[in-house]
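K.L.:
Below is one structure. I have some questions about it.
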């Protein structure tokens, strides 16, 4: 039992969690108002795995704990280029929230607004440029960012899907660019 708890604590210690948003909601009852709290948390290992969760409770710490547990249950893996940026530009949307994520050269840093910045920090991305369009609702922005990251493909996975080697795939990209410039 103690061994199982220790293994769980070691696994949990590798994750970084970021509190994105806390919402206070009131329920009107006979004696007045009852307050509850909803928390949005992003969790990641800073090595390409990230997840988000939403938790509701009467107390803030309990809402954060529930959200963190939900985020750890829903982790997704994102392939990173050189462990620091995205492989290609990608768009994502959820509801009225739209995001544009662009790969960036080394030294750029994370250029992103609040909810998206939390996702990138937890993911382990060091260089990225992003823009949010439409809704500024943190829930929709986080979901739109995850939608964009879900559409991120590495050259290795594209080559495997097409049944060719990565070198052939990247060679075509370089050749195709030079042919277009000559024509």
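The values are calculated or read from the model by the stated rules, or taken from the named source; none is laboratory data. Just so you know, these numbers come straight off a predicted model, no measurement behind them. Virtual Cβ from ideal backbone geometry, glycine too; neighbours counted across all protein chains shown.
K.L.:
(1) free of Cβ contacts under 8 Å to residues at least 24 places away in the same chain; (2) touching a helix residue (DSSP H, G or I) at 6+ places or on another chain (Cβ under 6 Å): which one isn't true of residue 74, the others all being true?
P.N.:
Result: residue 74 passes all but (2).
K.L.:
Inside the range 88-180, counting only helices (runs of 4 or more DSSP H) that do not spill past its ends, which hold 3 or more residues that are under 24 Å from residue 43 (Cβ atoms) and free of Cβ contacts under 8 Å to residues at least 60 places away in the same chain?
P.N.:
Helices (runs of 4 or more DSSP H) meeting the threshold: 114-123, 138-150.
K.L.:
Residue 66 fails exactly one of the following numbered conditions: (1) touching a helix residue (DSSP H, G or I) at 6+ places or on another chain (Cβ under 7 Å); (2) at pLDDT 95 or above. What is the number of that condition?
P.N.:
(1)
K.L.:
So residue 79 fits all but one of (1) more than 14 Å from the chain's Cα centre (by Cα); (2) touching a residue at least 60 places away in the same chain (Cβ under 8 Å); what number is the exception?
P.N.:
(1)
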